[in-house]
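**Student:** I am attaching a structure below and will ask some questions about it afterwards.
The values are calculated or read from the model by the stated rules, or taken from the named source; none is laboratory data. Everything numeric in this text was worked out from a predicted model, so none of it was measured. Cβ sites come from the backbone with ideal geometry, for glycine too, and all protein chains shown count toward neighbours. Accessible surface areas use protein heavy atoms only, side chains included; no ligands, DNA or RNA. Shrake-Rupley method; radii C 1.70, N 1.55, O 1.52, S 1.80 Å.
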Amino acid sequence: MNKFHILTLFPDMVMNGLNTSIIGRAMEAGYLDIQAVNIRDYSTNKHMKVDDYPYGGGAGLVMQPEPIYSAYQDITKNMPRKPRVIYMTPQGCVFHQNMAKELAKEEELIFLCGHYEGVDERVLEEIVTDYVSIGDYVLTGGELPAMVMIDAISRFVPGVLNNDESAGDESFENGLLEYPQYTRPPKFLEKEVPEVLLSGHHENIRKWRQEQSIQRTKERRPDLWEEYQKNTGEQSEK
Ligand code: ADE
């Protein structure tokens, strides 16, 4: 079982999102334990304040170091080993599938979600081990990025996906995008399901899917296709 702790000012936002669908089912079945910790609960200010004006001036408010540090100490106080602490920030390295696979091997992880103009640098220096971005755009807070990461990581935790859903043929697994999928009805808006998929000929189906994956990757992600060719020595015929 993997345990994720999320330090946030919006615990309901992350828990409502993660309680749904496959991740929710996995929590219920005991494959995942996800706890949101409200940073505001650790404020010592009488108004439960957690942010203040930036030294040196500038726009917005900065999250203060003490409540975050107290929450971190509380979470880790009985742990034999300090877990990795991931700070969600556009200034981090960009998250990808291999990172998700690697992080799934960690028994416990802490995600720190910032808000406003950021977090006081001193507490980051003290507790953060990994700075991670989910892409080159700026969001209003780290909650959605933490949810994105936890969803992608959880798919690699044993038991979370059942056999039908489990990884293998999907996009990125072999360096290519996944082939197109079809289900009933056999005809929709005059479009028929590709004949080979109805043939029952497994080898032909495998070849067709591989060709489709290659075609799709060339068209939609030329950067991935270039990488794939480098790694496999596959020649581009078009
Ligand atoms: N916080 C704000 N924007 C972000 C991003 N793109 N990735 C991770 N955390 C963020």
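**Student:** Checking the condition open to solvent by 60 Å² or more (accessible area, probe 1.4 Å), in the same structural domain as Ala36 (by TED's automatic domain parsing) and in a loop (DSSP other than H, G, I, E, B), which residue from Thr183, Thr140 passes? First the steps, then the outcome.
**Tutor:** Numbers: Thr183 fails: in the same structural domain as Ala36 (by TED's automatic domain parsing).
Thr140 is the lone residue from the list that is open to solvent by 60 Å² or more (accessible area, probe 1.4 Å), in the same structural domain as Ala36 (by TED's automatic domain parsing) and in a loop (DSSP other than H, G, I, E, B).
Yes/no per residue for (1) under 17 Å from Gly141 (Cα atoms); (2) open to solvent by less than 40 Å² (accessible area, probe 1.4 Å):
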residue: Tyr42; (1), (2): no, no
residue: Asp52; (1), (2): yes, no
residue: Ala71; (1), (2): no, yes
residue: Ile86; (1), (2): yes, yes
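**Student:** Go through the range 23-40 and give me each residue that's surrounded by 14 or more Cβ atoms within 10 Å (Cβ to Cβ), closer than 17 Å to Val160 by Cα and of a type in the set (A, V, I, L, M).
**Tutor:** Hits for the range 23-40 are Ile23, Ala26, Met27, Leu32, Ile34.
**Student:** Residues of the range 1-22 being of a type in the set (Gly, Ala, Ser) and either in contact (Cβ under 8 Å) with a residue 60 or more places away in the chain or open to solvent by less than 70 Å² (accessible area, probe 1.4 Å) (or both), which ones?
**Tutor:** Gly17
**Student:** Next up: For Gln73, indicate whether it is within 10 Å of the ligand (Cβ to nearest atom) and more than 13 Å from the chain's Cα centre (by Cα).
**Tutor:** No, not satisfied.
**Student:** Next up: Within the range 208-238, which residues are at pLDDT below 95, on the phi < 0 side of the Ramachandran plot and assigned to a loop (DSSP other than H, G, I, E, B)?
**Tutor:** Those that are at pLDDT below 95, on the phi < 0 side of the Ramachandran plot and assigned to a loop (DSSP other than H, G, I, E, B): Glu234, Gln235, Ser236, Glu237, Lys238.
**Student:** Please find, among Pro54, Pro83, Pro11, Pro67, the residue that is touching a His at 6+ places or on another chain (Cβ under 9 Å) and more than 16 Å from the ligand (Cβ to nearest atom).
**Tutor:** Pro83
**Student:** Can you tell me which residue is nearest to the ligand (Cβ to nearest atom) among those in the range 114-136 that are surrounded by 14 or more Cβ atoms within 10 Å (Cβ to Cβ) and assigned to a loop (DSSP other than H, G, I, E, B)?
**Tutor:** Of the residues in the range 114-136, the ones surrounded by 14 or more Cβ atoms within 10 Å (Cβ to Cβ) are 114-120, 123-124, 127-128, 130-134.
Checking which are assigned to a loop (DSSP other than H, G, I, E, B) leaves us with 114-118, 120, 128, 134.
Details: Gly114: 7, His115: 9, Tyr116: 11, Glu117: 11, Gly118: 9, Asp120: 16, Val128: 13, Ile134: 4 Å.
Of everything passing the filter in the range 114-136, Ile134 is nearest to the ligand (Cβ to nearest atom).
**Student:** Cβ-Cβ below 9 Å, separation at least six or inter-chain, first residue in the range 144-167 and open to solvent by less than 40 Å² (accessible area, probe 1.4 Å), second polar (S, T, N, Q) and modelled with pLDDT of 95 or more: which pairs?
**Tutor:** Pro145/Thr89; Pro145/Ser133; Ala146/Thr8; Ala152/Gln97; Val160/Ser154; Leu161/Ser154
**Student:** Can I ask one more? From the list Glu102, Glu66, which one is acidic (Asp, Glu), over 28 Å from Asp136 (Cα atoms) and modelled with pLDDT of 95 or more?
**Tutor:** Glu66
**Student:** Moving on to the next point. Tell me yes or no: at least one residue of the range 90-103 is among the aliphatic types (A, V, I, L, M), under 19 Å from Asp51 (Cβ atoms) and more than 10 Å from the ligand (Cβ to nearest atom). So that I can check it myself, show each step before the final result.
**Tutor:** Start the filter on the range 90-103 by keeping residues that are among the aliphatic types (A, V, I, L, M), which leaves 94, 99-100, 103.
Filter once more, keeping what is under 19 Å from Asp51 (Cβ atoms): none.
No; the residues of the range 90-103 include none that is among the aliphatic types (A, V, I, L, M), under 19 Å from Asp51 (Cβ atoms) and more than 10 Å from the ligand (Cβ to nearest atom).
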